[in-house]
Each structure stands twice: as C-alpha cells, then as structure tokens.
Amino acid sequence: MFVARSIAADHRDLIHDVCYDFHGRRLATCSSDQSVKVWDKSETGEWMCTASWKTHSGSVWRVTWAHPEFGQVLASCSFDRTAAVWEEVVGESNDKKKGLCHWIKRTTLVDSRTSVTDVKFAPKHMGLILTTCSADGVVRIYEALDVMNISQWSMQQEISCKPSCSCISWNPSSSRAHAPMIAVGSDASSAAYSGRVHIYEYSEHTRKYTKAETLMTVTDPVRDLAFAPNLGRSFHLLAVATNDVRIFKLMPMRSEAMPSCSTTKLEVHILAQFDSHNSQVWRVTWNITSTLLASSGDDGCVRLWKANYMGNWKCTAILRGDGCPLNRACTQSAAPSTAVPYQHTLLPSSLAGRRNFS
C-alpha cells in the first residue's frame, strides 16, 4: 500500500527537481522561478516550508543534499551557467519559532560556459566532493579544501566530451573492491553520437577518472540515471531514463593478468527495459536497498518496479500525478531475467545533463 501526500509548493513556475535529505525528513525543491525551497516534516507528518530564497538568475535545474556528516548543506545548478553551495546557519537570524531557516551562500562555481545541468555530491566516504555537468559537454569535480569551511573549493578534474551532458550519478559503493565510479548521461539529439551513457572510473595510478565503458545501445537522449545502492554485491545496477526505463547490470571483469593501474573492464547486461510510460521518462530513483525503482514520465505517472525471486522486474504500482493509484493493472512487466550480454561489452576509456520534472 502506497500512500501519497500532496504539498502546495507555491513555486511560481515549473518545478524541475525534488530531493530528500539522507534521513528523508527534509526536502528541497527548485524551479524556473529561480528559487529553492526547503521543507521539513512535522511530527504529524505534514510538510512545512521552512526556507525559500532566490538562488540563481536563471532556471534552477537541480538541487542536492550533502551527507549530514558535513552539516546541512545544499548544492544547486542553473541555466545561468553556475552552481552554488548553500549552508544552513543556526544563529540569531534563524528564528525557529516562526519556522524559518537561515541559508547562506558559501560559494559560486563559475567555470562552466553554458547551462549547468546537474550537480551531485559524492558518497560521504570519499569526503566532501561535488560534481557538476554542463551543456558544454564538460564534467567538473570539485573538493572542499576544509570541510569546516566550505567556502573554498578546488577543482580536482575537468573531463571534456563532445555530447552535451544532462545528468550524472555516483556509484555509492564503499567497497574497497570497487573503484569510485561516475555515470554520465547526454541529451544530445545529434545522430552523430552513438552512445548516450558513459561510465568513468577512478584510477589510483593516474589519480584521474577515465572512461571505462560506453553504453552503445542507449541512442535516445538521456534525462536521468541512477546507480543503485550497493549492499555487498559484486556487480553494479544502473537505471537509465530515456524514452523508456532501462536497468543495466555492470559486472567488473578485472583479471589477475591486468595491471592494477588499468581501468576495470565492464561486462554489461540489460536486465530490464520498459516503455510503459509511453513517453519521455524524466526521473529514476532507487530505494535504500536497491529492491525498488521509481520512474516518472510525461504520462503524468510515477511507476514502481520490483524484481521477483526469479530476477524478473515487474511493475508493482502506478501513481498518478495527484498521488492516486491507477485501478488498471500495469501494462508491462518483466524484461529478461537471464541477462543477455551487452552488444558492446568491453570498450576501454571519455565523458558526458537537462531537465524537467513531472
């Protein structure tokens, strides 16, 4: 049983992104009205707006929370070609009695020459690291020089690629057996680019991210992608939102014969592919145990996908935009449970974000 709760967001334009904090009790929204709003869940389960402020001089595409270990920190990115880092400050100006929070801008990242289309914090075990991607086809990785003073950020790497970038996702695995990994999606419409999803892996030898794989079968513009939380698996799961929903299994194939400094080769299988939205899919997100995937699309519905004991992914629920479940059964269920090897499995090493939210 899924229960939906509506929030009167009061944004004056289209909402592009909604993001929960680590504990799921705070929520941030951003909009084309150039603002970000922060919502807190009350003891009665109601969501109350505790902060609202203008963040950029253009549409705000994405907003994301840092791990609470680093405090109450948000990052946002915008059409105005910048990304910004915000921190909640508790002090005299923070009037809790009136339900107001005081957020201040710690830094503005101005390296992009075009719209910054996505922004993500790295998993907390890597430290306070922030990644952006832009329509100019560049992914930028920044690190806070001092986590106690997040006004200073240093660019660690700038990765260029030809197609425009639309979205990024960090692999959350903290296993020492898995090197840090980033997936990058492109919404380039040109047929000249044969792959819309690129996987980058960190090399201890070069201390840089290099391309490990390109998902060549993803040929339509990608609006979102998400690595699943990894609770001890030897492989990775990646969900991709394009004109349909796809779930990929990425199996590291490092052998003893390969030098330790080389990039891990990935054997890629497609576990599921659904076109039930019958429209552009804008968002995909996993639950904490990676057993449930949610997707939203231009059909105005959120669809929930779950694998059964045989590994077949099926639709378990459909929620309309007003939060009500559809009475009709899901029209499409599984994709092949026996993983079919990806057509372009072992391709060595380069990189590739835009928005809408239904």
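Remarks
- Matching residues, segment 131-156, being closer than 18 Å to Thr114 by Cα and either in contact with a helix residue (DSSP H, G or I) (Cβ under 9 Å, 6 or more places away or on another chain) or surrounded by 16 or more Cβ atoms within 10 Å (Cβ to Cβ) (or both): Thr131, Thr132, Cys133, Ser134, Ala135, Asp136, Gly137, Val138, Val139, Arg140, Ile141, Tyr142
- Taken over segment 174-200, the residue count meeting the criterion of being touching a Lys or Arg at 6+ places or on another chain (Cβ under 8 Å) and modelled with pLDDT of 90 or more is 6.
- For segment 10-32, filtered to residues that are crowded, with 16+ Cβ neighbours inside 10 Å and farther than 21 Å from Gln72 by Cα, the residue that is nearest to the chain's Cα centre (by Cα) is His16.
- Wholly within segment 136-214, strands (runs of 3 or more DSSP E) carrying at least 3 residues that are among the basic types (Lys, Arg): none
- The sole residue among Thr289, Thr264, Thr285 that is in a loop (DSSP other than H, G, I, E, B), touching a strand residue (DSSP E or B) at 6+ places or on another chain (Cβ under 8 Å) and either within 30 Å of Arg207 (Cβ to Cβ) or at pLDDT 90 or above (or both) is Thr264.
- Every listed requirement among (1) among the aliphatic types (A, V, I, L, M); (2) at pLDDT below 95; (3) within 21 Å of Pro123 (Cα to Cα) is met by Val240 save one, (2).
- Of the criteria (1) modelled with pLDDT of 85 or more; (2) part of a loop (DSSP other than H, G, I, E, B); (3) crowded, with 20+ Cβ neighbours inside 10 Å, which one Pro229 fails: (3)
The values are calculated or read from the model by the stated rules, or taken from the named source; none is laboratory data. Predicted, not measured: the structure shown is a model, and the values here were computed from it. All Cβ positions, glycine included, derive from the backbone under ideal geometry; neighbour counts span all protein chains shown.
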